[in-house]
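Notes for the one structure printed next.
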Amino acid sequence: MLNIGAHLSSSKGFLAMGKTAKEIGANTFQFFTRNPRGSKAKEIDPQDAKALVEFMKEKGFARVLAHAPYTLNPCSAKEETREFAHLTMEDDLKRMEYVPGNMYNFHPGSHVGQGSEEGVRQITALLNEILKEEMTTTVLLETMSGKGTEVGRSFEELHAIIEGVELKEKMGVCLDTCHVYDAGYDIVNHLDEVLEEFDRIVGLDRLKAIHLNDSKNPFESHKDRHEKIGKGSIGLEAMVRIINHPKLKHLPFYLETPNEQPGYQEEITLLRGRYE
Ligand code: FE
Ligand code: FE
Ligand code: ZN
């Protein structure tokens, strides 16, 4: 079965997201842990969290993916900005234990001229402070498009971050199809080669999730603007090859396409229809 979901609003709580996912034909979902721009997180209702865990078990859901606010910068040149990322991610991971055994994705950040090596060092240092042996959450680095001074634009940078982490077994990667295509990995014409390269540098066993997005911009544009499935430069047939690739087809796929619920439902139906 294709494990697929979409990015959903968390404003009505955990169980509501599970039910919405089910309604649109999904068997997983992604959500922001808090307002993507702001800082303050809503109080967690342990009953609601437990209800989602039960619901997921009952309906056979794949692991859900929490997404950190995209405004955090774990490798800012400013100490207070790094500290804010630290406190937010630490709090998010504590909250994730209310829905144990799921995944938490974050953008490695922008080194803002400090150089990618220094960026990698700061991200690794932060991870070594917040990861704990008893945690049940898998923490994912998202592949980035390389706009500005983004860290995580290459498989080498992702590998370098993970290499420096002590609790490596807690770490994984979330591959965003729009981002890697914009970064210059040709998943349209050379999917096998890109996956071989990922395997050689990071290891395919670290690949835990896929963000399935088409791109509004051409190959290697370093832009990061998501498009609906089949409406962008990647195209439907490449998406179909991705969900069916023997090295990927077991993974959970999360849509972050510019859609409301009916649009997501259509894309999920379309992709389920093309899954072999
Ligand atoms: Fe993201
Ligand atoms: Fe993404
Ligand atoms: Zn993006």
With a 10 Å cut-off between alpha carbons and a GNM built on the chain, which of 142, 133, 237 moves the most? 133
Compute and list, largest first, the equivalent-ellipsoid semi-axes of the range 96-237 from the alpha carbon gyration tensor, each √(5λ) rounded to a whole angstrom. 26, 17, 14
Between the range 183-198 and the range 58-97, what is the C-alpha centre distance in whole Å? 28 Å
Sort 180, 240 so the one with the fewest other Cβ atoms within 10 Å of its own Cβ comes first. 240, 180
Inter-label distance, nm, simple model (7 Å from Cα along the C-beta direction), residue 129/residue 223: 3.7 nm
Using DSSP, restrict attention to beta bridges with both residues in the chain and report what percent are antiparallel, rounded to the nearest 5. 10 percent
Let me spell out the model: positive unit charges on the Cβ of Lys and Arg, negative unit charges on the Cβ of Asp and Glu, origin at the Cα centre of the range 3-134. What dipole size does that give, in debye rounded to 20? 540 debye
Among 43, 118, 196, which one moves the most in a GNM of the chain with springs linking Cα atoms closer than 10 Å? 43
Output the relative contact order of the chain, whole-number percent, from Cα pairs under 8 angstrom with separation of 6+ residues. 17 percent
By the scheme Lys and Arg +1, Asp and Glu -1, what is the net charge of all other residues having a beta-carbon under 13 Å from that of residue 87? -2
Among 132/228; 50/170; 19/208; 50/132, the pairs whose Cα-Cα distance exceeds 30 Å are 132/228
Of every Cα-Cα pair in the chain, the percent that sits beyond 26 Å: 39 percent
Qualifying trypsin sites (Lys or Arg not before Pro) in the range 10-97, DSSP loop, other Cβ atoms within 10 Å at most 13: 12, 37, 40, 42, 78
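Just so you know, all these numbers are worked out from the coordinates, no wet-lab data involved. Computed from a predicted model, the values in this text were never measured in an experiment. Because the Cβ atoms are built from the backbone with ideal geometry, glycine has one as well, and the counts that use them run over all protein chains shown.
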